[in-house]
Each structure stands twice: as structure tokens, then as C-alpha cells.
Amino acid sequence: MVVLDACGMGALPDAANYGDAGASTLAHLAEAAGGLTLPTLEALGLGSIMPLKGVAPAAAPVLHGRLHALGAGKDSTAGHWELMGVVASIAPPTYPTGFPPEVIGRVSAAAGRDVICNRPYNGIDAIDHFGTEHLDTGALIVYTSQDSVLQIAAHVDVVPPGELYAICARVREEMSGEHAVGRVIARPFAGARGAFVRTEGRRDYALPPPTPSYLVELRSAGVPVHSVGKVGELFCGEGIDVKHPGATNARALAETTELIGSLEGGLVFTNLVETDQIYGHRHDIEGFHRALQEIDATVGQWLELLGPGDLLVLTADHGCDPTAAHTDHTREHVPLLAVFPGHGGARHDGPLADVGASALRWLTGGEAPDLPGEPFL
């Protein structure tokens with residue numbers, strides 16, 4: 001089960017409530033790029049889900065369709081939770097003008113350091129604009145976005161990664177009640193003044209899922225669950241047996257390939273972060289397309305590794321339309337491509353939770369009637 005982070009496919013009916021009317025990440029990316037070149041995904045049926053410039057409808061698609069959220073939100077936590085049957089009825093708090101003094105006080109006290117920035121910011125711009133002040137003062141760079149996140153950036157020579165992680169863990173404990181932000185994210189960076197770069201040491205400190213998930217059901221049934229990338233952190237480890245770091249797409253793709261080839265059974269739940277973190281938020285059309293092409297080539301390798309007992313699901317968690325007026329996530333449908341024996345090339349549209357329900361049935365033959373979602377198998 002592989003999440004192409006932020007690869008949305010058309011605005012949800014309530015997208016206007018999020019400032020995202022008309023959003024359509026992959027369609028607008030395709031237009032801006034002059035057409036997408038994704039031969040493997042095209043053959044699977046990506047262009048059969050909805051029109052995409054450069055991606056023709058498949059002659060013999062796999063099971064394909066669009067999925068929609070049942071609950072609120074448009075970030076990675078909400079999307080990944082919903083794929084596993086966890087639906088948040090109320091979106092966690094956001095801070096479109098920055099954090100109030102009460103929150104900044106908590107952060108400063110937990111860190112034992114002052115705070116700078118405190119506003120919605122692109123992460124790269126935040127370290128570019130405030131990195132020098134951080135080096136001079138030791139104050140933490142704290143910023144947010146349209147999503148429910150509190151991000152803390154620090155240079156590795158000023159705040160070693162281990163110390164930054166400990167700070168973020170303490171801040172996570174402090175962010176409760178009305179300020180129970182969805183994620184506290186550690187963002188270590190390195191480099192000289194004027195040449196700062198983020199390291200691969202990002203860590204997400206999410207709220208624990210408020211209800212049981214299909215991951216917990218699978219683990220309870222004795223099915224080993226492997227997460228690749230930030231998935232394990234988004235679920236606070238609940239229902240996860242082994243976490244693989246997958247900090248970059250290259251590493252996550254390689255780790256997933258190795259697991260497909262080596263595991264006798266179980267679930268591999270992978271997030272490919274760069275279409276969101278590096279290219280979507282920066283409106284980098286060429287980079288976004290290039291990342292998809294690298295994924296496309298690797299999916300071709302996976303298809304050769306699959307056996308008759310394997311199910312491969314490709315989907316997403318939300319959108320990040322590179323043509324939007326803002327640089328944040330967009331409230332969208334997400335694609336569904338499912339490869340398994342007997343798929344029949346069917347069309348399936350439904351809630352994201354259908355993915356978790358299908359994984360449970362495929363791996364155990366069972367169902368979880370108390371969780372949302374219906375198997376598409």
C-alpha cells in the first residue's frame with residue numbers, strides 16, 4: 001500500500017470551505033508540464049480515473065477510481081488515518097496568523113530557548129530567512145501552515161538532532177486541550193550561512209489515533225505490519241511492528257522494493273513524501289513530474305515482483321495543487337489503482353477507508369464491522 005503524497009485528483013464537494021475550490025493537483029500539474037509521461041501508471045489506468053494531459057485511458061486498466069474523505073482536514077495525518085479507517089469528526093486547530101502567546105510560552109518553556117518567526121511559512125523559506133538569526137541567538141525557528149502543524153527548525157550545530165527531538169517530544173506533551181495540534185514536526189537543518197539545507201532527520205510527533213484502525217486489526221490477527229517513511233510516526237506506532245525510515249523517495253522506494261521481495265507475508269504501508277514536501281509546496285512543476293517518473297519506473301519493477309497472493313494499492317492522502325494561489329495542501333479526492341488477481345478492470349469510487357478494509361480482507365479474509373469502509377476486492 002503506497003501513498004503518493006499530495007497527488008490529489010479533483011476538489012472534494014466541500015473544498016471551497018478550505019479555500020480550495022477547483023483544485024486538481026495531477027490534472028493541473030499535467031497541464032502546466034505540457035503533459036505527463038508516466039507509462040507504467042498510464043498502463044495501470046491513471047488516465048482512466050479522470051482526464052490527464054499526456055496520460056491516456058488504459059486499454060486494460062486495473063481496478064481504478066477516486067476516493068474521498070469522510071471527515072475533516074486535508075493533511076497527511078487525516079489522509080493516512082482515513083485510509084486505515086480512522087475518521088476525525090473535528091479538525092485539529094490551525095493557526096493562520098501564527099501561534100498565540102500562550103502556545104509560544106509553552107514552546108519556549110519546554111525548550112529552554114526563545115522562539116523566532118512564529119507565522120505560516122514555507123519550510124525552506126523559514127530557514128533561509130531566519131537561519132542566521134537562529135545561529136546568532138540560539139532561538140528556535142517555529143512556524144506553521146494552513147495545516148494543524150507546529151514545526152520547529154534548528155541548525156544541527158546549534159541544537160543537535162537528539163536535543164531537538166527531545167524538545168519536540170516535550171512540546172507534543174504540552175500541546176493538549178484546545179491547542180492539541182495535529183503534529184509537532186522536528187526540522188533539523190545544516191549548512192553555512194546563505195546555504196542552509198534541511199537534513200533527512202525530520203521527525204513527526206502526531207496525536208495518537210482517536211479510534212482503532214485497520215492496522216490494529218491486522219496486527220491483532222497476527223499479520224506483520226511494516227511502515228516505510230513517516231507512516232509509523234503518523235500513527236504513533238500503533239498497529240506497526242517495524243518502522244523503516246524512508247526519509248527520501250529514493251530510500252522509501254528502495255526499502256519498499258526490498259520488502260516486497262523478501263517478506264513472506266504481511267502489510268507494507270509506504271509514504272513517498274517528496275511529491276508533497278519538496279515539490280508540491282514549492283510549486284515545482286518539473287520536480288513534481290520528475291518525482292512521479294521515478295515512482296513510475298519503480299512501480300514497473302514492483303509489478304514484476306508481485307505474485308498471485310499479492311495486492312498492490314497505489315493511492316494518495318490529499319492534494320497540493322501546484323497552480324493554487326497558496327502553497328499549502330488542497331482538499332481533494334485521491335486516486336486508487338489496485339493490482340490483484342481478478343480485479344477485472346473495475347471502477348471503484350468510495351471512501352479512503354475502503355483501502356484498509358480491503359487490506360484486512362486480503363490478508364485475513366475477515367472484516368471489521370465497527371470500522372468504516374467496504375472492501376473493493
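Quick notes on this one:
- Matching residues, the stretch 92-108, being touching a residue at least 60 places away in the same chain (Cβ under 8 Å) and open to solvent by 50 Å² or more (accessible area, probe 1.4 Å): GLU102, ARG106
- Check on VAL159, crowded, with 23+ Cβ neighbours inside 10 Å and either β-branched (Val, Ile, Thr) or more than 24 Å from the chain's Cα centre (by Cα) (or both): no
Table: residues versus (1) open to solvent by 40 Å² or more (accessible area, probe 1.4 Å); (2) among the hydrophobic types (A, V, I, L, M, F, W, C); (3) at pLDDT 95 or above; (4) under 17 Å from the mean Cα position of the chain (by Cα).
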residue: TYR279; (1), (2), (3), (4): no, no, yes, yes
residue: ASP328; (1), (2), (3), (4): no, no, no, yes
residue: VAL334; (1), (2), (3), (4): no, yes, yes, yes
residue: TRP362; (1), (2), (3), (4): yes, yes, yes, no
residue: GLU367; (1), (2), (3), (4): yes, no, yes, no
residue: LEU371; (1), (2), (3), (4): no, yes, yes, no
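- Among the candidates GLY246, GLY229, GLY222, GLY239, residue that is without any contact (Cβ under 8 Å) to a residue 40 or more places away in the chain, of a type outside the set (Phe, Trp, Tyr) and buried (at least 18 other Cβ atoms within 10 Å of the Cβ): GLY246
- Of all residue pairs spaced 6 or more apart or on separate chains, those with beta-carbon atoms under 6 Å, a first member in the stretch 190-201 that is of a type outside the set (A, V, I, L, M, F, W, C) and a second member that is open to solvent by 80 Å² or more (accessible area, probe 1.4 Å) are GLY191/VAL197.
- Applying the condition of being touching a residue at least 60 places away in the same chain (Cβ under 8 Å) and of a type in the set (Ser, Thr, Tyr) to the stretch 141-178 and asking which residue is nearest to PRO120 (Cα to Cα) yields SER145.
- Taking the stretch 1-25 as the range and being under 25 Å from GLY246 (Cα atoms) and open to solvent by 10 Å² or more (accessible area, probe 1.4 Å) as the test, the residues that pass are MET1, LEU4.
- Any hit, the stretch 249-272, residues being under 30 Å from THR211 (Cα atoms), hydrophobic (A, V, I, L, M, F, W, C) and open to solvent by 50 Å² or more (accessible area, probe 1.4 Å): yes
- Matching residues, the stretch 342-356, being among the small types (Gly, Ala, Ser) and crowded, with 24+ Cβ neighbours inside 10 Å: ALA353, GLY356
- Single match in GLY131, GLY73, GLY85, GLY79 (criterion: modelled with pLDDT under 95, open to solvent by less than 30 Å² (accessible area, probe 1.4 Å) and among the small types (Gly, Ala, Ser)): GLY73
- If the condition is being part of a strand (DSSP E or B) and not hydroxyl-bearing (Ser, Thr, Tyr), then the stretch 203-224 contributes ARG203, ASP204, ALA206.
- Criterion applied to ALA153, ALA206 was being of a type in the set (A, V, I, L, M, F, W, C), at pLDDT below 95 and open to solvent by less than 60 Å² (accessible area, probe 1.4 Å), and the one residue passing it is ALA206.
- The criterion of at least 3 residues that are over 24 Å from GLY300 (Cα atoms) and in contact with a helix residue (DSSP H, G or I) (Cβ under 9 Å, 6 or more places away or on another chain) is met, among helices (runs of 4 or more DSSP H) falling completely within the stretch 12-108, by 76-83.
The values are calculated or read from the model by the stated rules, or taken from the named source; none is laboratory data. Keep in mind it's a predicted model, so treat the numbers as computed, not measured. No Cβ is skipped: glycine too gets one built from the backbone with ideal geometry, and neighbour counts run over all protein chains shown. Only protein heavy atoms, including side chains, enter the accessible area calculation; ligands, DNA and RNA are left aside. Shrake-Rupley method; radii C 1.70, N 1.55, O 1.52, S 1.80 Å.
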